[in-house]
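Asks: This is the structure, below, for whatever I ask next.
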Amino acid sequence: MLRALLAAFGLVELLFPDKLVAVMTRLAYEDGGEMTAKPWVVTAARVEGAVFLLVALFGLRGRCGRCGGDDGEAGEDE
């Protein structure tokens with residue numbers, strides 16, 4: 001469930017960073033409609049969205065095998 005939410009937010013942030021920054025600014029500040037973000041903020045939001053999406057899709061795969069519920073150590077296959 002958490003991975004799905006992270007992937008959805010990352011996809012929205014990756015595809016529509018300017019709209020998301022505008023919405024978050026209006027939510028965070030009382031005069032959010034009058035504020036303008038610096039040009040690098042949209043790029044940073046897009047990069048953050050890509051990172052969220054990659055973590056949601058691939059980032060937790062390596063850890064899932066190690067945190068399984070068995071009592072064995074992580075290198076017993078050898």
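All of the numbers you see were taken from the coordinates with simple rules; none came from a lab. The shown structure was predicted, so the numbers you read here are calculated from the model rather than taken from an experiment.
Asks: Any idea what the alpha-carbon Rg over 2.2 N^0.38 Å comes to for the stretch 2-62? Provide the component values of the computation, followed by the final result.
Replies: Working: Rg = 13.0 Å, N = 61, 2.2 N^0.38 = 10.5 Å.
That ratio works out to 1.24.
Asks: Can I ask one more? Could you tell me the relative contact order of the stretch 2-62? Use alpha-carbon pairs under 8 Å, at least six residues apart, and round to a whole percent. Present the calculation step by step, with values, prior to reporting the outcome.
Replies: On the way: 56 pairs, mean separation 32.7, N = 61.
With pairs under 8 Å counted, the relative contact order is 54 percent.
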